[in-house]
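**Q** Please find one structure pasted underneath; my questions will follow.
The values are calculated or read from the model by the stated rules, or taken from the named source; none is laboratory data. This structure is a prediction, so every number in the text was calculated from the model and none was measured. Quick reminder, even Gly has a Cβ in these numbers, built from the backbone with ideal geometry, and neighbours come from all protein chains shown. Only protein heavy atoms, including side chains, enter the accessible area calculation; ligands, DNA and RNA are left aside. Shrake-Rupley method; radii C 1.70, N 1.55, O 1.52, S 1.80 Å.
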Amino acid sequence: MALLRFDWDTLYRELDGCTKCGLCKGRHSIVISDGDPHAEIMFIGEGPGREEDEQGVPFVGAAGRLFNYLLEEAGLTREEIYICNIVKCRPPQNRDPFPEEAEACLPYLRAQIALVRPKVIVCLGRIAARYVYDSEIQISRQRGQVRKKGAFYVIPTYHPAAILRKQELTNDFVWDLNTARRIRDKINNGEEILV
Ligand code: URA
Ligand code: SF4
């Protein structure tokens, strides 16, 4: 899939009925994105869960509801961000996507990034961070460490599902979301960003 001269229509057409990996077999919907396609901050999760697969929208289950709440804690709203996943079809039993599934689906994510052109990308959890930030990432050690990657600032943080299991991660998570918002604000104010 060529990224140059790529537009939303082409992306949606390519995704329609996609069978590029085995995850196509168990899916009910292809879960592409939610939020503002012109967002300045983009969030990337792992893959749809059961409710996302049923509704065709990312982050609408329990983790998504917590995410929405914590976004607001950090001064952001769901409407102003763009959110999507590494794989667009639900892995069975919510297992991690296999590398070949992620690789098959990554061209769509690259196209989404190229079309949205966010200023800041937040990786929600290890899987997203592995493909977008650092293939060797250890989230507990590296979360919140901003890196400049090409045109984007990228921040890895916990997956909201991890916060459902371990509430003590909440403050770090909100801190990282605040970092994303502050970097966006600095870029918009023409201020220097030191990473
Ligand atoms: N977890 C994810 O990584 N993505 C979703 O869309 C929902 C839950
Ligand atoms: Fe296609 Fe991605 Fe779904 Fe695999 S996960 S079938 S590559 S849309």
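**Q** With a 1.4 Å probe and all protein chains kept in place, how much accessible area does I193 have, in Å² rounded to the nearest 10?
**A** Estimated to the nearest 10 Å², I193 gives 30 Å².
**Q** Could you do me a favour and compute the accessible area per residue for segment 23-185, 1.4 Å probe, result in Å²?
**A** Heavy-atom accessible area per residue stands at 45 Å².
**Q** Just to be sure I understand: of the beta bridges DSSP finds with both ends in the chain, what percent are antiparallel, rounded to 5? Each step should come with its number before you reach the end.
**A** Working: 5 of 18 bridges.
Around 30 percent antiparallel, to the nearest 5.
**Q** Sort V195, V57, V122 by accessible area with a 1.4 Å probe, largest first.
**A** On the way: V195 105, V57 40, V122 0 Å².
The most accessible residue leads, giving V195, V57, V122.
**Q** Could you work out, for segment 14-124, what percent of all Cα-Cα pairs fall into each 5 Å distance bin, beginning at 0 Å and stopping at the bin that holds the largest distance?
**A** Taking all Cα pairs of segment 14-124, the binned fractions are 2, 13, 24, 25, 19, 12, 4, 1 percent.
**Q** A follow-up question, please. Based only on Cα atoms, what mean projected area does the convex hull of the chain have, in nm²? Don't skip to the answer; put the middle values down first.
**A** Details: hull surface 42.1 nm².
Mean orientational projected area (the chain, Cα hull): 10.5 nm².
**Q** Can you put T19, T10 in order of accessible area, largest first, using a 1.4 Å probe? Present the calculation step by step, with values, prior to reporting the outcome.
**A** Working: T19 105, T10 35 Å².
The ranking, largest first, comes out as T19, T10.
**Q** Counting only other residues whose beta carbon sits under 9 Å from that of R184, what net charge do I get with K and R as +1, D and E as -1?
**A** Details: positive: K119, R181, R182, K186; negative: E40, D185.
So the environment of R184 carries a net charge of +2.
**Q** Let me make sure I get this right: for segment 95-195, a, b and c are the square roots of the gyration tensor eigenvalues over alpha carbons, sorted descending. Under 1.5 in a/c it's rounded, otherwise prolate if a/b > b/c, else oblate. Which is it? Can you show the working numbers first?
**A** Details: a/c = 2.03, a/b = 1.12, b/c = 1.80.
Here segment 95-195 falls in the oblate category.
**Q** Shifting gears a bit: With a ≥ b ≥ c taken as the square roots of the eigenvalues of the C-alpha gyration tensor of segment 17-70, please select rounded if a/c is under 1.5 and otherwise prolate if a/b is larger than b/c or oblate if it is not? The partial results should precede the final answer.
**A** Values: a/c = 2.47, a/b = 1.49, b/c = 1.65.
Oblate, since a/c reaches 1.5 and b/c is not below a/b.
**Q** Same structure, new question: Express the relative contact order of segment 23-185 as a whole percentage, based on alpha carbon pairs under 8 Å and six or more residues apart in sequence.
**A** Values: 306 pairs, mean separation 44.2, N = 163.
So the answer I get is 27 percent.
**Q** Ranked from the most accessible area to the least, with a 1.4 Å probe and all protein chains present, what is the order of R117, R90, R130? Mind showing how you got there, number by number?
**A** Values: R117 180, R90 60, R130 85 Å².
Correct descending sequence by accessible area is R117, R130, R90.
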